[in-house]
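S.K.: Before I ask anything, let me first share the structure, which is written out below as structure tokens.
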Amino acid sequence: MSNRVAVKDGGQADGPPQLVIVGDRVMSSGLVSDRPGGLESETHRIFQLTLSMLRDQGVAPADVVRTRAWYVEEETGGGEEEIRDTHGVVFDHPGPAFSAIKVPHLPNNAAVAIELEAIKGGAGRMKHFNSDEMSSTSTAVFCDGDLWVSGVTGDGADVGEQIGDISGQITAALGEFGMEVADVVSTRHFMLPDAQFSEPPAQWAAFMSQAIPTSAGIAVDGVGEGHRFMLECEAVQDAAKGRNNLRSGRSYEVDHNYCRSVRVSGGDVTYVAGSTSTVVGETVRNEFDVAGQVEATLETVRWSIEQQGMAWRDLAKVRTYVVGGPEKLAEASAALDEQLSEMGVAVTLVGVPTLARPEVVVEIEATAVTS
């Protein structure tokens, strides 16, 4: 875990760092504004503070490869359009990969929370695909052999058709940089609650079976007007030639063509799938218990990292989805702090309407980085 920096702006003593930097990889927590004021105002403020912190660490706005905005719809109906407008002011064209996801709850009753990833000093080596000048966003960003793909939505009468359209768009983005679906290492999909599937559509099975990447499937309140399904992914050049797809033994992983963690041979990153307290035999530990499920799920995350030849102290980022409102988010935050406070880990917390099963109330994605 050499060459690691955990940034806490303003000397804050409590809570996770706003930024974690390992080597040239930069990851933020899910950042909320220190000045409540509604979606547009809070979005401006978060970007203002975050880009200032990045510059203090020698990271330029053009080094950012991905931004992700979680937002709660206001009574006036504000949402993704306002975030995109602000994004277009903050970043120069062409901009980073971008996703906007509507959720029911965020910590501290925030209207928006924003995550960023960057490659320090990477701007001059970066390539962009299908960029939009007005919002300064790109469908995909490539740097040093890694590819970040935006949250992609598709057209179609049902979820299967939308997934088919999405997979075609992602395949095109990969091809732009000489990559293929078998190079995809990590995925997460967001969907309306009525779009969840117990049996994967044929289009989904066909896409995932080419790489067996990590996966997180999260029900949310919205993924863009008229859409029911959104897919993000990361890929690594030539991952198909050498990677370790680790499975935990759960039948669910086999049925849905994904694995618990992925590390590319010689790579410095381990990607951990959206994990819950569910174990082999599909038994849920600590049913309905937020704190208990945080602890149990982190045990699985740790196992997934250490089985890839990395150390628990290499954990750099967790993204935690919690069923419930402010009280449940606070409970999850306290549990994460108890487990991770000494490690300097970036943390994102998001309230969601439901997870895979009613008794499952916590799901955690993770990224470990060594340098």
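S.K.: Could you list all residues from region 14-31 that are within 24 Å of LEU336 (Cβ to Cβ), of a type in the set (D, E, K, R) and in a loop (DSSP other than H, G, I, E, B)?
M.R.: Within region 14-31, just ASP14 meets the criteria.
S.K.: List pairs: first residue in region 125-139 and touching a residue at least 12 places away in the same chain (Cβ under 8 Å), second residue buried (at least 19 other Cβ atoms within 10 Å of the Cβ) and of a type in the set (Val, Ile, Thr) anywhere in the structure, Cβ distance under 6 angstrom, at least six positions apart or on different chains.
M.R.: If the second residue must be buried (at least 19 other Cβ atoms within 10 Å of the Cβ) and of a type in the set (Val, Ile, Thr), the pairs left are HIS128/VAL141; PHE129/THR139; ASN130/THR139.
S.K.: Still on this model: In region 276-293, which residues are without any contact (Cβ under 8 Å) to a residue 60 or more places away in the chain, within 29 Å of VAL20 (Cβ to Cβ) and assigned to a strand (DSSP E or B)?
M.R.: Selection gives VAL279 alone.
S.K.: Follow-up. Which condition number in (1) assigned to a loop (DSSP other than H, G, I, E, B); (2) touching a residue at least 12 places away in the same chain (Cβ under 8 Å); (3) not charged (D, E, K, R) is the one that ALA273 fails?
M.R.: (1)
So that you can scan it fast, the table gives a plain yes or no per residue for (1) part of a helix (DSSP H, G or I); (2) over 20 Å from the mean Cα position of the chain (by Cα):
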| position | (1), (2) |
| --- | --- |
| ARG68 | no, no |
| GLU74 | no, yes |
| GLU82 | yes, yes |
| GLY88 | yes, yes |
| PRO94 | no, yes |
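S.K.: Further, regarding this structure: When VAL264 is evaluated against the numbered criteria (1) β-branched (Val, Ile, Thr); (2) crowded, with 23+ Cβ neighbours inside 10 Å; (3) more than 16 Å from PRO213 (Cβ to Cβ), which criterion, by number, is the only one it fails?
M.R.: (3)
S.K.: Here's a follow-up. Just give me the residues in region 224-250 being over 14 Å from ILE166 (Cα atoms), charged (D, E, K, R) and touching a Leu at 6+ places or on another chain (Cβ under 9 Å), in sequence order.
M.R.: Scanning region 224-250 gives a single hit, GLU234.
S.K.: A follow-up question, please. If we keep just the residues of region 174-191 that are farther than 17 Å from VAL141 by Cβ and touching a strand residue (DSSP E or B) at 6+ places or on another chain (Cβ under 8 Å), which is surrounded by the most Cβ atoms within 10 Å (Cβ to Cβ)?
M.R.: Of everything passing the filter in region 174-191, PHE190 is surrounded by the most Cβ atoms within 10 Å (Cβ to Cβ).
S.K.: In addition: Anything in region 32-66 that is in a loop (DSSP other than H, G, I, E, B) and more than 22 Å from the chain's Cα centre (by Cα)? List them, or say none.
M.R.: Those that are in a loop (DSSP other than H, G, I, E, B) and more than 22 Å from the chain's Cα centre (by Cα): ASP34, ARG35, PRO36, GLY37, GLY38, GLN57, GLY58.
S.K.: Which of the numbered conditions does VAL322 fail, given that it passes all the others? Conditions: (1) assigned to a strand (DSSP E or B); (2) of a type outside the set (S, T, N, Q); (3) surrounded by fewer than 24 Cβ atoms within 10 Å (Cβ to Cβ).
M.R.: (3)
S.K.: How many residues are surrounded by 18 or more Cβ atoms within 10 Å (Cβ to Cβ) and either in contact with a helix residue (DSSP H, G or I) (Cβ under 9 Å, 6 or more places away or on another chain) or not charged (D, E, K, R) (or both) when one looks only at region 137-164?
M.R.: Result for region 137-164: 19.
Taken together, the values in this text are just the output of simple stated rules run on the coordinates, not laboratory data. Quick caveat, the model's predicted, so the values are computed rather than measured. Note that each Cβ is placed from the backbone with ideal geometry, even for glycine, and that neighbours are counted across all protein chains shown.
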